[in-house]
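Working notes for the structure below.
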Amino acid sequence: MNYCGQSPVHLAIETQNLAVISVILDYTDAEALHTIDNRGRYSIDYATRPGNHTKGAQVDCGGCKVLELLLQSDTALFPASLLLGLKPSRNCIQGHKILIKGLAERREKLKQLAYQTLSPAERQGLQVHPARILDQNATRVRHQLEARGCPIPMSLKGYAENTGSSRVQKLIYSHICSGEVAEYAHQLGFHYSDNELADFVSILATRMSSNSVHEYRYINNPFSFSYFFWMIDHCTSVSSRIPAGQLPSPHIEVTPAHYFMGSLGASANRNRGWTPDCSLTLAALEIAFSETNVDRCRCWCSPGGCIPLVKLLEGICWSKRPITFSSGRSLSQATEEVITGLFSAHMGKISEYQWIYVAIIRHYTSVMLGLRHACCSIIENASGPLPEEEYREIEEEDSFLLGLLESLLTEFECERRNDMRLEDFFAWMRSVWALRMREVGQELASQRLTDQQLQDAEAIGVVLRVHGPPPMGSGSNSRVVELTEGDLWDAMDELDKIATDPERPTKGSLETHT
Ligand SMILES: [Zn+2]
Ligand SMILES: [Zn+2]
Ligand SMILES: [Zn+2]
């Protein structure tokens, strides 16, 4: 090993020279093949580096030949390598397929061992199915084989010896990001049904609701349009509620379509100037913009309940946080990009979907006024709708703002033309709505309490005069801090896209220092 912890295999892959790599592989033992460098990377991780693959030109990608060669050796495919290699920003589509094939071959060999060693009853208990490739059950099968004293070659072990962790053993479909790769995995024999969809959404939901920086990064890699269509084609339950107990909060009652839209919205920042990987089919458009697929939430942001569009807007607000009265333009821009992308193949349909304009204006106006949500939340700290009692409390406490919301919405409805195209609507949003909201912000900030209101407040014990500096974390200062922090972590993510560095401080590690 050199000072970077690299083995001859790591270095051979760096050369991208097939002759050199095959000679080195001929003389390599399992230990050298599974050495990790100082940054925790296996040789296979070098072979999936984005720089080694040619995006688009799939037939003659040199990086893919190296990857194939390496997978023909006894290299194990650890979950972390799989997760890394299947990221949309790494590798190429062909490379993703090569990885899936390598995994399928390894899992097939493991299944053969199960047929040789385990009884039919044991296999049935482990859900080993002759026509299916082992997936989430692979770890359990391996443990059972080991318990029976069956020697398992290193290449069939799906987890690293040193960590012994099976925590990241997840459904292959939860690593996949495109319809083409999903279809390939399906053809190879990885089973897919409504159960797998529910598992997939459950994993996605946990990641989206987490506030750890690693999971946060995942939100920036949403699954793609093509993958969404593929799911619609292969499942019946894209618009059905996810079974209770599979979501971060038992009170959330939404469907996979809501999560698709939420994840799309949350990655709005990342998607600046992005083009979807295919256009939405009409069936998918109807699912994404369904008016009837609602939960039982009641909220001023969406009085009829949460439809998938509401979750898209929730995601966009999350990605643009903190929202102030001057966020109008950036909200409108992000929303225009995503919605135009979704409608791209069906622009003519927009006349049937004029209601989305009302929904967008209502949602953003209520968020900008600072009204608390009473509906469920699926991004960062997921929660169900507020209980009736709290709903009533907010209704009472914020009655002034709620009144203002309704009068603003009436004002906007009177001003907006009927039957607008998408571009006209977003132009109106920027020129009229965003400016008006800024004005509202200024009006609210300059509002003074009347003498009577001051006396009433003091009578119930409110202290109105504070001497000395304002308390920490209050007022405009905290906004500045939040803004800078958000930008910093965005920048960190950008850096990670260029070169991943496990030693770069994470949000969590910094927080423990401060
Ligand atoms: Zn490639
Ligand atoms: Zn709400
Ligand atoms: Zn809801």
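The values are calculated or read from the model by the stated rules, or taken from the named source; none is laboratory data. Nothing here was measured: the structure is a model prediction, and the numbers come from that model. For neighbour counting, all protein chains shown are included, and Cβ atoms are generated from backbone atoms with ideal geometry for every residue, glycine included. The area values use the complete protein model at the heavy-atom level, side chains included, leaving out ligands, DNA and RNA. Shrake-Rupley method; radii C 1.70, N 1.55, O 1.52, S 1.80 Å.
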For the chain, longest principal axis from Cα atoms; helix 355-368 axis from its Cα atoms; angle between them, nearest 10 degrees, is 80 degrees
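Give me the percent of accessible area attributable to carbon and sulfur for segment 274-424, probe 1.4 angstrom. It would help to have the intermediate numbers written out before the result.
Details: 3310 of 6510 Å².
Result for segment 274-424: 51 percent of the exposed heavy-atom area is carbon or sulfur.
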Computed from the beta carbon distance with a Förster radius of 60 Å, FRET efficiency for ALA147 and GLU388 to the nearest 0.05 stands at 0.70
Short to long, in 10 Å steps from zero, the percent of alpha-carbon pairs of segment 1-143 per bin is 11, 37, 30, 17, 4, 0
Reported to the nearest 10 Å², ARG106 has, with a 1.4 Å probe, an accessible area equal to 20 Å²
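Summarise the long-distance tail of P(r) for the chain by giving the % of C-alpha pairs beyond 37 Å.
39 percent
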To the nearest 10 degrees, the tilt of helix 62-72 (Cα long axis) against the first principal axis of the alpha carbons of the chain is 60 degrees
So THR292 and ASP277, fully extended at 0.36 nm per residue minus their Cα-Cα distance, gain in nm 2.7 nm
Taking a crude spin-label model, label points 7 Å out from Cα along the C-beta direction, the GLU458 to GLU122 distance in nm is 8.3 nm
For segment 38-151, the per residue accessible area (1.4 Å probe, Å²) is 44 Å²
The ratio Rg/Rh over the Cα atoms of segment 304-453, Rh being the Kirkwood inverse mean 1/r radius, stands at 0.98
With R₀ set to 22 angstrom, the calculated FRET efficiency between the beta-carbons of TRP489 and ARG329, to the nearest 0.05, is 0.50
What the Cα atoms of segment 217-338 span along the principal axes, largest first and in whole Å, is 40, 34, 27
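Per-residue ellipticity at 222 nm for the chain, helices alone: DSSP H runs ≥ 4 residues times -39500 (n - 2.57), over residue total, nearest 500 deg cm²/dmol?
Numbers: 25 runs with 275 residues, N = 514.
Estimated from H runs of four or more residues: -16000 deg cm²/dmol.
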Nearest 10, in degrees from 0 to 90: the angle of helix 399-415 to the longest Cα principal axis of the chain is 90 degrees
Along segment 228-243, Karplus-curve 3J(HN,Hα) (6.51, -1.76, 1.60; θ = phi - 60°) to the nearest Hz, with x for Gly and Pro, reads 4, 5, 4, 5, 4, 5, 9, 9, 9, 10, 5, 10, 9, 4, 6, x
Distance in nm between VAL440 and LEU409 label points, each 7 Å along Cα→Cβ, equals 1.1 nm
Filtered hits (lysines, Cα-Cα < 21 Å from LYS320, offset >= 8 within chain) -> LYS311, LYS497, LYS507
